[in-house]
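Encoded as structure tokens, the structure appears first; notes follow it.
The values are calculated or read from the model by the stated rules, or taken from the named source; none is laboratory data. Quick caveat: nothing in here was measured; it's all calculated off a predicted structure. Cβ placement follows ideal geometry from the backbone for every residue including glycine, while neighbour counts extend to all protein chains displayed. Only protein heavy atoms, including side chains, enter the accessible area calculation; ligands, DNA and RNA are left aside. Shrake-Rupley method; radii C 1.70, N 1.55, O 1.52, S 1.80 Å.
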Amino acid sequence: QVTCIEVVEAYVERIKEVNPLINAVVKDRFEEALQEARQVDQLLSEGPGDDCLEEKFPLLGVPITVKEAFSLYGMPNTSGLVNRRNVIASSDATVVSRLKQAGAIPLGVTNCSELCMWYESSNRVYGRTNNPYDLQRIVGGSSGGEGCVLAAACSVVGVGSDIGGSIRMPAFFNGVFGHKPTTGVVPNDGQFPNAVGVRSSFLCTGPMCRYAEDLEPVLRVMAGPGVSKLKLNEKVSLEKIKFHCMDHDGGSIFVSPVDKEILQAQKKVVEHLESDLGVQVQRVAIHKMKYSFQIWSAMMSSKDSEGQEAQRFTDLLGDHGKPVWPLWELMKWLVGMSSHTLPAIALGLTEKLVNLNLSGKAKLVSMGKSLQEEMEALLGPDGVLLYPSHPTIAPKHHSPICMPFNFAYTAIFNVLGLPVTQCPLGLGSEGLPLGIQLVAAAHNDHLTLAVARYLEKAFGGWVVPGKG
């Protein structure tokens, strides 16, 4: 009904209209995108039958955005690190290349936190990104620009990555869908920093979308041949899913208690599933979840099977420049002289502490392994766990520094390797998005995606900012 050029022009106009407020798109490629849209229209006007094109280019003409940490040819690839501000990508990351080959049209790259290791998307290269529902609130991180740009209706599909919740937290704070696939299915190459050693089995690349139905086709393209490991062609009967529900992590001292409104939203989901599908949602209390933050930290800094040490964050901070001394950077930061953000400096200072208690670390790693077995046994081939996406709704700017470990609610599933879909559940009393995580056993992504589509119909999914 509309031409591709009209669609791309509409999105370009939308970005120009709202980006000065939200600061999500940090570098655009509008001219190239419009040129690519014209080529799509040309192809459609002279091309073969629709079926053939749909098979070859499943995302033909779809405008997308890409987290700046991923290589997108001709675009900056700094990951918010000042020393990398002149780095321009000379090729495409594997997932970006696959999306382009499927016909998608990238509009530009979006903001992230410095080196993708914090849950507020703010850095010394591009500044801070603001939540479209309330500009005084954070967009989450590290794929924060991506969550924000989708919520503000500036893009259809986003490319995100997630090692501690970096897809799911921004999707939650911005009221959109985000999927962290089962570990090892979607390739991570072409992003900076990329995971090495043990972390390569925790980092996941995945889709972020405004609409639940878009997650699966985008995941198929991103996964390429690896998609055969997922059961996306299996028909899901929602009545046959064994639903489990956990309201909170059991009361970790490091993490905020879960907001009443988030608990209320989760309760409504349980009631709806029980009344509409006639299922019994099983309440569970998994004791080890209370140690989510400690388990994630210990596993992130452990050696891999070949004995390779985890990469030091301090070394990454020194990329394209001189070595970084976190204590010296803190002194410089206090007088406004550091080119790094406070969260990055703090992480550099604390990473040494994790290795001080080696026997305690080994215990936590083994606790993580047994938690993984417990989860796989609980979920089995047909189980889905409902769990909060975060203990609080989108916090105000800078406040995450006071509660730095709240990301444990998403991070634990990275080290467990499980697929998780974050699903929006409308807006709370302050007009900010609510949501829930849907978790399944490894390679059962099809279950969480099916439940997300179902909950979108029941609870309305994404809400236009300003309409709440």
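Things worth noting here:
- When each of V157, V96 is tested for being closer than 19 Å to E216 by Cα and in contact with a Phe, Trp or Tyr (Cβ under 7 Å, 6 or more places away or on another chain), the lone residue that passes is V96.
- Failed criterion for P187 (all others in (1) touching a residue at least 60 places away in the same chain (Cβ under 8 Å); (2) within 18 Å of A104 (Cβ to Cβ); (3) open to solvent by 20 Å² or more (accessible area, probe 1.4 Å); (4) assigned to a helix (DSSP H, G or I) hold): (4)
- Qualifying residue in the stretch 430-438 (condition: open to solvent by 10 Å² or more (accessible area, probe 1.4 Å), more than 17 Å from the chain's Cα centre (by Cα) and in contact (Cβ under 8 Å) with a residue 24 or more places away in the chain): yes
- Residues located in the stretch 73-116, provided they are surrounded by fewer than 24 Cβ atoms within 10 Å (Cβ to Cβ) and hydrophobic (A, V, I, L, M, F, W, C): M75, V82, V87, I88, A89, A102
- For A69, the stated conditions do not hold, so it cannot be described as modelled with pLDDT of 95 or more, under 23 Å from Y211 (Cα atoms), touching a Cys at 6+ places or on another chain (Cβ under 8 Å) and open to solvent by less than 10 Å² (accessible area, probe 1.4 Å).
- Residue selected from the stretch 252-264 under the condition outside any loop (DSSP other than H, G, I, E, B) and either in contact with a strand residue (DSSP E or B) (Cβ under 8 Å, 6 or more places away or on another chain) or more than 18 Å from L385 (Cα to Cα) (or both), by the criterion least open to solvent (accessible area, probe 1.4 Å): I262
- Residue within the stretch 387-400 that is open to solvent by less than 10 Å² (accessible area, probe 1.4 Å), among the small types (G, A, S) and not in a helix (DSSP H, G or I) present: yes
- Qualifying helices (runs of 4 or more DSSP H) (wholly inside the stretch 265-345; at least 1 residues being under 25 Å from the mean Cα position of the chain (by Cα)): 292-300, 313-317
- Unmet requirement for R124, which otherwise passes all of (1) over 27 Å from E55 (Cα atoms); (2) open to solvent by less than 10 Å² (accessible area, probe 1.4 Å): (2)
- Positions within the stretch 447-461 being farther than 28 Å from K229 by Cα and touching a Leu at 6+ places or on another chain (Cβ under 7 Å), in sequence order: F459
- Of the listed requirements (1) more than 23 Å from P388 (Cα to Cα); (2) in contact with a Lys or Arg (Cβ under 8 Å, 6 or more places away or on another chain), D189 misses just one: (2).
- Residue within the stretch 16-34 that is of a type outside the set (A, V, I, L, M, F, W, C), surrounded by 13 or more Cβ atoms within 10 Å (Cβ to Cβ) and touching a helix residue (DSSP H, G or I) at 6+ places or on another chain (Cβ under 6 Å) present: no
- Residue that is farthest from the chain's Cα centre (by Cα), among those in the stretch 407-429 that are assigned to a loop (DSSP other than H, G, I, E, B) and buried (at least 24 other Cβ atoms within 10 Å of the Cβ): L418
- All of V269, V258 fail the test of being in contact with a helix residue (DSSP H, G or I) (Cβ under 7 Å, 6 or more places away or on another chain), over 17 Å from M367 (Cβ atoms) and not aromatic (F, W, Y), apart from V269.
- The selection criterion, being in contact (Cβ under 8 Å) with a residue 24 or more places away in the chain, out of contact with any His (no Cβ under 7 Å at 6 or more places or on another chain), among the hydrophobic types (A, V, I, L, M, F, W, C) and in a helix (DSSP H, G or I), holds for M367.
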